[in-house]
Every structure is written in C-alpha cells, then in structure tokens.
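The values are calculated or read from the model by the stated rules, or taken from the named source; none is laboratory data. These numbers were taken from a predicted model, which means no experiment stands behind them. For neighbour counting, all protein chains shown are included, and Cβ atoms are generated from backbone atoms with ideal geometry for every residue, glycine included. Note: accessible area is taken over every heavy atom of the protein model, side chains too, but ligands, DNA and RNA are not part of it. Shrake-Rupley method; radii C 1.70, N 1.55, O 1.52, S 1.80 Å.
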Amino acid sequence: LTPDAALGLGPLLRPPPAYSRRKVVFIMRNDKEVDSDRVKETRWLRVRMQEAGFDGNDYMITDWVTRSDQSKPARSIAYRPETRTNVGAQLISAGEVLVTDRLHASILALLLDIPHVYIDTPQQKIRGTRDVSLVGEECDEDRVR
C-alpha cells in the first residue's frame, strides 16, 4: 500500500453541513464491494439505534456514491474531485460522529477533525492505508477507533 493522495489536502475547515445536524452519520457502502446482507445490516442498525434511544432524526444512514453517480461523465463539474470533496465534507459535517466503512470518508473525517469509527473491509483496506499514510504522525486515539 502507498499513502493515499487525499491526505495531501492537509487539515480542512469543517464546512456548514448540507443536511440537518445529527448525532451520528453512517456512511456505509451499498456498491459492488458489499455483500447482499448489507440491506439486512442497515435494518439491524436502525433497530439497534432505536433500542439505544435514538430517534430517526438523531442519525442518518447513507452512502455517498450511487450507481447513477458512477455513470455521470467525469468532466461534469458536479463530479470533479474538488466538488466531490466539498460535498463529502458537508455530508460528514452533519454528524457529531461519523461511522463508516469507506476509506475516503474516514480520511475526510480525519482531515476535518471529526470523531469517527471505521469498520474495515476483510482485506483491511482502511487500516492498511492509514498505517502506511500516518507513519510517524501523532493521532488522537480517542477521536479515531
């Protein structure tokens, strides 16, 4: 693995959220890298959040890439990297805490100084990238798990 280029952005200012504030934002894959049980996991997660006393306005479960997004022309302004970074930052900023299984969501949360938890892939893509990218960097372990 090599360090991820997104880390080259350096620390970012937290933008105003594009959505109403939530206690927790979940950015969870729903693409080809996920097995078909993810729909069941999302339902399970909603039930567990409700059991923990969260109502539907306290959290949001989403993914930031949809199939229709992937089919758009790369030259479209809405799909340029800087625009996608801003949109992602606004989405992540809606939560007090982020929970994600997406590498770049975890990197953006780190750059925005937003407490987050990452759920790694079986191949440990997120951990491996972070281990290589953050060698020698001080990291507040209370903010990242």
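Quick look at the numbers
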quantity: Failed criterion for N86 (all others in (1) modelled with pLDDT of 80 or more; (2) outside any helix (DSSP H, G or I); (3) open to solvent by 50 Å² or more (accessible area, probe 1.4 Å) hold); calculated: (2)
quantity: Subset of segment 104-119 [open to solvent by 20 Å² or more (accessible area, probe 1.4 Å) and in contact with a Ser or Thr (Cβ under 8 Å, 6 or more places away or on another chain)]; calculated: V117, Y118, I119
quantity: Scope segment 98-112; condition within 20 Å of R22 (Cβ to Cβ) and β-branched (V, I, T); matching residues; calculated: V99, T100
quantity: Output for segment 89-124, where each listed residue is in contact (Cβ under 8 Å) with a residue 12 or more places away in the chain and assigned to a loop (DSSP other than H, G, I, E, B); calculated: S93, A94, D101, R102, D113, I114, P115, I119, D120, T121
